[in-house]
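The values are calculated or read from the model by the stated rules, or taken from the named source; none is laboratory data. Bear in mind that the values here come from a model prediction, so they are computed numbers and not experimental data. Note that we place each Cβ from the backbone using ideal geometry, even for glycine, and neighbour counts take in every protein chain shown.
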Amino acid sequence: VHDFLYKEYEKRNLSIIKDRLGSIFGLKKGNDSSYKIMISSNIDESGGMISDIREDGLMEFLTIGLYEKSLFEQRIVKVLNRRHEEYTGFIVKNEKELLLDAGYGSKEEVLNAGIQIGDMFVVDIPTLCLPNKEILSKNLSNRAGLEAGLTVLDKLEENKEMLPFDVVIGGISHSVTGQRGAITATTAVKPDIAVVIDVAYMKEPKENTVYIRSFDKSMLPNQMLKQEFYEVAQKKGYIPEGHVQLEATDGSFIHKSLAGTPTVVLVLPLKHKQAILNSLKIEHINNLSDVIIEFIKGLTAEKIEKFGFKG
C-alpha cells in the first residue's frame, strides 16, 4: 500500500512526507505554507503472523489487526517473507486449532523455502464491483479512506485554484496495532488541522448522509471543527449525522500530538459487522470527498487560528 501511494503521489507531482514507521503523505503546496491541513486514513492490512512452525510443516499463527481468528478458517492467504517473496497457503482447522498450510511436509521444508517465525500473511481476496455501485473487498478500513483521499486530490487538481495553505493527504502505518503511527506521522507532517477518514459498521446506512464522529473512548473532536463540517455538509445538500463508537482511532493520538491538533473524524459506513469481506457504496466515498473539498475551499487562516484557540 505504501508503494502504491508513493507512485500515486509522484504521478500527481506532489512532495512526499514520510515517518520512520511506514506512513506516507503527498503534500500539495499552497501559496502560503504557514498552515498545513492533514487528511489521513490508515494503510494497515489486517492479517496474521506466523508464531510457530510445527515439525509436520503446519504453522501456528496469531492475528494482527481487526479480525477475529475464527474468521480466517478455510481462507486462502498470501504469506510474505522478509525478502518480500510471496507464498500461497490456506487456513485449516486441525481438531480445535486453526493452522496455516502452505503445502510443505516438514519444518525443514518450510524454513528452506524462506518462511520463518514472524513472517506475515494476508487474506487473498479480490476486490469486486457489485450491483448498485457497491464495492466488495477486504480491509475496507484502509482502502476506502485512501480512495477518498485520492479523490480529494484529483478534485483539488481540477479546481486549479491555489489555496492559502498546504494540504497533506496520505496513510498512517501501525494504526490497527495501537495507533502508534498516528504519533509519528503527526510529528512528521506538523499539521494545524487534522481530518481523519475512518470506517464503521452502520446498521442502516442512509443515502445522502455524511457521518461525523461525535465521540470515541479516546477523543472528543474539536467542537468548532465538527460544527464547521456539519454546516459544510448541509450547504452541499447532505444530511450530517453524528456517530459514536468505543474503539479508538488515529484521531485519538493526533489530537493530543504536538501542542494539540484540532481534529475531526469522518466516517464511511460499512454494510456488515465483524467480517473479513465487507461492502461499501461508492456514493458514500464521493459524498465524503465532496464535503472535504467544500471544507477546504471555505477554509481561511482566521478559521484555522480559531479552531486552534489562537484567534
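Close contacts from segment 200-211, counting a first residue that is within 15 Å of Ile285 (Cβ to Cβ) and a second that is in a loop (DSSP other than H, G, I, E, B) and of a type outside the set (D, E, K, R), with Cβ to Cβ under 6 Å and a gap of 6+ residues or different chains, come to Ala200/Gln245; Asn208/Tyr238; Val210/Tyr238.
Residues are listed down the side, and each one gets a yes or a no for (1) among the small types (Gly, Ala, Ser); (2) surrounded by fewer than 21 Cβ atoms within 10 Å (Cβ to Cβ):
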residue: Asp3; (1), (2): no, yes
residue: Ser23; (1), (2): yes, no
residue: Leu27; (1), (2): no, yes
residue: Asp32; (1), (2): no, yes
residue: Ser40; (1), (2): yes, no
residue: Ser46; (1), (2): yes, yes
residue: Arg54; (1), (2): no, yes
residue: Leu71; (1), (2): no, yes
residue: Lys78; (1), (2): no, yes
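Checking segment 176-184 against the condition returns a match, with at least one residue being under 15 Å from the mean Cα position of the chain (by Cα) and over 17 Å from Lys256 (Cβ atoms). With respect to the conditions (1) assigned by TED's automatic domain parsing to the domain that holds Leu268; (2) touching a residue at least 40 places away in the same chain (Cβ under 8 Å), Lys160 falls short on a single one, namely (2). Residues in segment 156-179 that are in a helix (DSSP H, G or I) and surrounded by fewer than 16 Cβ atoms within 10 Å (Cβ to Cβ): Glu157, Glu158, Asn159. Of the strands (runs of 3 or more DSSP E) lying entirely inside segment 212-281, those carrying at least 3 residues that are buried (at least 21 other Cβ atoms within 10 Å of the Cβ) are 263-270.
Just one of the listed residues (Gly57, Gly65, Gly47) is under 16 Å from Leu99 (Cβ atoms) and at pLDDT below 95, namely Gly47. Scanning segment 286-306 for residues that are in a helix (DSSP H, G or I) and over 24 Å from the mean Cα position of the chain (by Cα) turns up Gly298, Ala301, Glu302, Lys303, Ile304, Glu305, Lys306. Tallying residues that are in contact with a helix residue (DSSP H, G or I) (Cβ under 9 Å, 6 or more places away or on another chain) and either in a strand (DSSP E or B) or surrounded by fewer than 24 Cβ atoms within 10 Å (Cβ to Cβ) (or both) within segment 133-147 yields 6.
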